[in-house]
Amino acid sequence: MAQSNRAAARSGKRRVLTIHPVPSRRLVAVFILLSASLCGLGIRLAWLQLVEGGKLQARARSIQTTSIAPIGERRTIVDRNGSLVALDEERFILWAHPRYFNFPGDDPQSIRPAADVASKLATVLAQPKATLLQAIGNRKSGVKLASDLDPETAARVKALGISGLDLEAYPHRIYPQGPLFANVVGFLNLERVPQAGLEQSRNSDLKRHETTVRMLRGADGTPLPQGLAAGSLYGDDLKLQLTLDARLQQVAQQALVKQVKQWHAKRGAAMVMDVRNGEILALASTPTYDPNKFWKFKPGLFREWSVQDLYEPGSTFKPINLALALQEKAIDPNGKVTDNGSLSIGGWPIFNHDRRGNGVIDFPTVLQVSSNVGMVQAMKHVKRDRFWQWLRNFGIDASPDTDLPGAVAGELKKKTDFVGQPIESAVASFGQGFSLTPLKLLQLHAMLANGGRLVSPHITRGLRSGDSLATSAPSSGIPLLDVGVTQTVMRWMESVVEKGSGKGVKIPGYRIGGKTGTAQKAERGVYIAGARICSFVAHLPIDDPRYVVLVVVDEPQGGNAYGSTVAVPVAKQIIEALLVLQNIPPSVAVPTAAVGTAKLPG
C-alpha cells in the first residue's frame with residue numbers, strides 16, 4: 001500500500017479517498033447523548049435555582065459578609081468642668097499560632113521556629129525570651145502570650161509583621177483620678193460587670209450604643225456601600241457629666257485624710273452642695289480605694305457611708321429645730337430661755353455637754369454655746385404631734401430623692417412613742433433619738449440656706465454629646481419654710497462663727513454661718529461608751545447663700561475631740577478653696593494682707 005502511494009506520488013496523481021456513509025444508529029446514539037446532556041444541565045440548573053437557590057445565596061452572603069460584633073464599650077464620665085473621671089481604653093490580648101510563624105520576606109511555605117519569634121517579642125513585650133518559649137511550648141496554635149497590652153505596645157507588635165501573631169482588641173475601664181471619685185463612681189470587675197457606685201446605678205445609661213455591623217465586601221475585600229444598613233456606623237459620643245468638681249474634691253479629700261489620721265478616727269466625710277439646685281460639688285470620704293486596683297481592697301470600702309449609714313446628728317440639727325419652732329410660731333425670735341445646766345424630763349436627766357448652766361440666754365446664744373437645756377426649753381412650746389409631723393415633712397424617715405447610689409431613709413420613732421413619751425421629743429430637740437445620713441443633714445441645711453425649699457441632692461447633670469457641657473440647673477425645690485424664718489436662723493448661725501464654737505472657720509471679709517456638733521454614737525439603740533461623731537456645717541455667704549459645707553468625722557480619739565477641733569479645720573480649707581474656685585466676692589472690703597490664699601491642686 002505504501003509502495004503504491006509512493007508510486008502514485010511519483011507519478012503526480014492525487015489520491016482519492018472513498019467516503020463511506022455513517023450508520024444511522026451511530027447518529028441516533030450521538031443525538032440521544034447530546035440531548036440527554038443538555039436535559040441534565042437544564043435540570044441541574046433548575047435544581048440549583050429553584051431548590052437550592054436560597055442555600056447557595058446564603059453561603060455566598062456568608063463569604064461576602066463580615067460581622068463586626070459590639071465589644072461592650074461604655075460611655076465616658078467627666079466632672080462638671082470636663083475632666084476625665086472614667087473612660088474605656090482599648091487594650092489587646094496577644095495570641096500566638098506557631099504553625100504559621102513566618103517573617104516578612106521569608107518563603108511563604110517556610111515556618112520559623114518559636115525561638116526566632118520569641119527573640120523579637122522579648123524586647124517589645126519586656127519579657128524574658130525563656131518565659132515566652134515556656135508559654136509556647138509544643139503547642140501549635142491558640143497560645144496566649146500576653147494580655148492587657150496598651151495600644152502603643154500592640155502597635156509595636158503589629159509593626160513586626162510576623163505571621164502567626166494575632167492581636168485581640170477589648171475595652172478596658174480606667175479611672176484617671178484614682179481614688180478621688182471611687183466612693184461615688186464605683187468600678188467594673190475583671191468581667192466588666194459594674195460592682196458599685198454610678199457604674200452600677202447608672203449602668204444602662206453608661207452602656208454605649210452598639211449594634212452588630214454586617215458589612216458586604218467585594219472579592220478583594222473592599223466594603224460595598226449597598227451592604228451597610230442605615231445607621232450601622234453611628235458613633236455614640238455621649239458622656240455622663242457629674243456635678244462634682246475634681247479640684248474641690250481633691251482639696252476636701254486631702255484635708256479630710258489629714259485630719260482623720262491626726263485624730264486616729266475611724267472614717268470621715270466632707271460634702272459641698274449648691275443650695276439653689278441641689279448640685280453636689282464635692283463628696284469626699286476616707287478611707288477609700290483605688291478602682292483601678294479594686295482587688296487589693298476590702299469590699300467594705302466600696303460603699304459610700306455618708307449616704308448609706310445612719311447616725312444621730314446631735315447639735316448640727318439644732319438650727320433646723322429652731323426653724324420649725326419659728327415656723328410654728330411657738331417661739332419669739334427675740335425671746336429667751338433659762339439654762340440651768342440640767343433638767344429632768346419624765347425622770348430622765350438631761351445635761352449640757354459641759355454640765356454648766358448659761359442663765360437666761362437668747363436663741364443665738366443657745367446655738368453659740370450649743371445648749372441642750374436651752375433647746376429643750378425652746379422646743380417644749382411646740383406640740384409634740386406637730387414636732388413629729390415636721391420631722392416627717394422634712395423626710396427624716398423617707399428615702400431621699402437623689403441619684404446618689406444606695407441612699408437610704410433615716411429612722412424616726414413611731415408617732416405614738418414620740419407623742420406619748422416626753423423624753424423622746426426632749427432628746428430630739430438637740431438632735432438625738434432619731435437618725436439620718438450625712439446626705440440628709442446636708443439637704444436640710446441647704447433648705448435653711450435657700451429660703452426654705454427642700455432641694456434634691458444630686459451628682460449628675462445627665463448625658464452630653466461631643467465636647468459640650470451642661471450648665472448649672474435652675475433653682476428648684478419644695479417650699480416648706482418661710483423665707484423670713486430661714487433668714488432669722490441664718491443670722492443666728494452667723495453668730496456661732498463670730499462668737500461661738502465656729503470661730504475657727506472665720507475668713508476676713510466673708511459672712512459665714514455654721515454649727516458644730518459632737519454627738520454620742522449609738523449602735524442598735526445603745527450608746528457606745530466614749531464613741532462620738534464630730535461634725536460641722538457651714539453656710540456661705542450669709543448675705544446671699546449659695547453653698548453649704550458639711551464635715552463629719554466618725555470616732556475621733558482624744559479628750560479634746562469636738563466638732564470645733566476636728567471638723568472645723570477641714571471645713572475651713574474647703575471653704576477657702578470654694579471661694580476661689582467659684583469666684584465669690586467678699587461681703588465687705590478687707591485689706592489685701594488680711595485675706596488668706598487657698599492652696600488649690602495644680
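Each reported figure results from applying straightforward, stated rules to the coordinates on display, with no laboratory input. Just so it is clear, the structure is predicted and the values come from calculations on it, not from any experiment. Neighbour counts are summed over all protein chains in view; Cβ atoms, including those assigned to glycine, are modelled from backbone coordinates with ideal geometry.
Listing for the model above:
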| item | result |
| --- | --- |
| Furthest towards positive pole of dipole, Leu160, Pro179, Ala135, structure part region 59-194, Cβ charges | Ala135 |
| Debye, to nearest 20: dipole size of region 272-396, +1 on Lys, Arg Cβ, -1 on Asp, Glu Cβ | 260 |
| Positive-end residue, the chain charge dipole about Cα centroid, Cβ charges, pick of Ser315, Ser465, Ala330 | Ser465 |
| With Cα atoms, 0 to 90° folded angle of helix 53-64 axis to the chain main axis | 70 |
| Relative contact order [Cα under 8 Å, 6+ residues apart], region 345-456, whole percent | 25 |
| Residue-wise HN-Hα coupling along region 120-135, computed from phi with Karplus coefficients 6.51, -1.76, 1.60 (Hz; x: Gly, Pro) | 6, 6, 4, 5, 5, 8, 6, 10, x, 4, 5, 5, 5, 5, 5, 5 |
| Modelled FRET efficiency - R0 41 Å, Val193 with Gln557, Cβ distances, 0.05 increments | 0.60 |
| Normalised contact order of the chain, rounded percent, pairs of Cα under 8 Å and 6 or more residues apart | 14 |
| Under-5 Å amide H pairs with Ala196, H placed in peptide plane, nonlocal only | Phe187 |
| Cβ-placed point charges (K, R +1; D, E -1), dipole of region 18-167 about Cα centre in debye, nearest 20 | 820 |
| Cα centre as origin, Lys/Arg/Asp/Glu Cβ charges: the chain dipole, Debye | 3100 |
| Most to least packed among 117-130, 301-314 [average Cβ atoms within 10 Å] | 301-314, 117-130 |
| ³J(HN,Hα), Karplus 6.51/-1.76/1.60, whole Hz, each residue of region 168-179, x for Gly, Pro | 9, 7, 7, x, 10, 7, 10, 10, x, 7, x, x |
| Shape category assigned to region 266-352 from the gyration tensor of Cα positions, a/c cut at 1.5 | oblate |
| Modelled FRET efficiency - R0 51 Å, Leu45 with Glu152, Cβ distances, 0.05 increments | 0.35 |
| Candidate lysines - alpha carbon under 26 Å from Lys266, same-chain residues fewer than 8 apart omitted | Lys258, Lys293, Lys296, Lys298, Lys318, Lys440, Lys503, Lys515, Lys521, Lys572 |
| Separation in nanometres of the label points that stand 7 Å from Cα toward Cβ, at Arg355 and Val483 | 4.8 |
| Residues whose placed amide H lies under 5 Å from that of Glu411, excluding near-sequence neighbours | Ser435, Leu436 |
| For region 557-566, Karplus couplings with θ = phi - 60° (6.51, -1.76, 1.60), whole Hz, Gly/Pro x | 9, x, x, 9, 7, 9, x, 6, 9, 9 |
| For Arg91, distant residues with modelled amide H under 5 Å away | Tyr170, His172 |
| Length added when fully stretched, Asp290-Ser465, from 0.36 nm per residue minus Cα-Cα | 60.2 nm |
| Hydrodynamic radius of region 78-190 per Kirkwood, over alpha carbon pairs, in Å | 16.0 |
| Crossing angle, helix 2-11 versus the chain [Cα axis fit, 0-90 degrees, rounded to tens] | 70 |
| R0 of 56 Å, Cβ-Cβ distance Lys414-Tyr170: FRET efficiency to nearest 0.05 | 0.55 |
| Dipole-positive endmost among Ile423, Ser456, Pro400 within region 376-469 (Cβ charges, Cα centre) | Ile423 |
| With Cα atoms, 0 to 90° folded angle of helix 246-262 axis to the chain main axis | 60 |
| Label-point separation in nm, Ser476 to Ala130, each point 7 Å along Cα→Cβ | 6.4 |
| Among 503-509, 432-438, 138-144, the order from most to least packed when residues are scored by Cβ within 10 Å on average | 432-438, 503-509, 138-144 |
